[in-house]
Each structure stands twice: as C-alpha cells, then as structure tokens.
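Notes follow the structure.
The values are calculated or read from the model by the stated rules, or taken from the named source; none is laboratory data. Keep in mind that what you see is a predicted model, and the values were worked out from it rather than measured. So basically every Cβ, Gly included, is an ideal-geometry build from the backbone, and we count neighbours across all protein chains shown. Only protein heavy atoms, including side chains, enter the accessible area calculation; ligands, DNA and RNA are left aside. Shrake-Rupley method; radii C 1.70, N 1.55, O 1.52, S 1.80 Å.
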Amino acid sequence: MKRPKKVNGHNHGNYMVMTHRSAPTQNPNCQRIYTFDADRYDRTTPITADEAAARLRFSTVAAMVKQRKGDLTKIAADQAAFLEQKDTAGGKKTLKAYYWKICGDAYDESLANG
C-alpha cells in the first residue's frame, strides 16, 4: 500500500491504509483497507495564538535540552541532581525527562521575568 507524495505543492492520489489482524480467530476476514482523500490531513483552521505559543515553547525548550545535554561542564552536576530527585514523589524517571523539566521551567521563568 502506498501513500500519495507531495509533488510541486500538491498531492497525487488518495491515502490508503491497510490493517492486518494477527490475533487468533475463526473469522477469515483479517484484513481491512481504508481510503481517505489526499487532503484529509490538511489544516482547515488558522493557527491560534495559544498554538503558536505552544509551538514556540516546544522548539525553544527542545533547543535548550539539546544544548544542555551536550554541555560537558554541566553533565556531572545534572546527573547528580537527576539521581537525587529520581525516587521522590513527582520525580522524573529518565534523564531526558529531567532535562525537559528543568529547561521548560527555565523557559517559563524567563517569560515570567520579562
């Protein structure tokens, strides 16, 4: 099954999705095919201010996480702080989640301060 690809700004064809049930059963009909128009996933409403703010926050925090993960001067301190909070109530269980939390908090604080 193939999905249409966008060429020169427009789609060719319709979306086709096929599922195959692998659970044991007596029913011989184990495959289903669904078709959708090529523009099914096109947005019909403009981006709201809240969505734009959320997208900006996500991209900014993602860049902060990437920069912080690669900063060799902070790795040891970050790992120690992560291990200290890991087993507490509400603590982040992975180092990546911990980075997202501290960078997200720093982003939110920078917005609050000015």
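The table that follows gives values for the structure above.
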{"read-out": "Residue 44, sole failed condition from (1) of a type outside the set (Asp, Glu); (2) in a loop (DSSP other than H, G, I, E, B); (3) surrounded by 12 or more Cβ atoms within 10 Å (Cβ to Cβ); (4) at pLDDT 80 or above", "value": "(3)"}
{"read-out": "Scan of the range 46-91 for residues that are in contact with a Cys (Cβ under 8 Å, 6 or more places away or on another chain), of a type outside the set (Val, Ile, Thr) and more than 15 Å from residue 111 (Cβ to Cβ), ordered by number", "value": "68"}
{"read-out": "Odd one out for residue 73 among (1) open to solvent by 60 Å² or more (accessible area, probe 1.4 Å); (2) under 21 Å from the mean Cα position of the chain (by Cα); (3) modelled with pLDDT of 90 or more", "value": "(2)"}
{"read-out": "Matching residues in the range 95-114 - criterion: being in contact (Cβ under 8 Å) with a residue 12 or more places away in the chain and among the small types (Gly, Ala, Ser)", "value": "104, 106"}
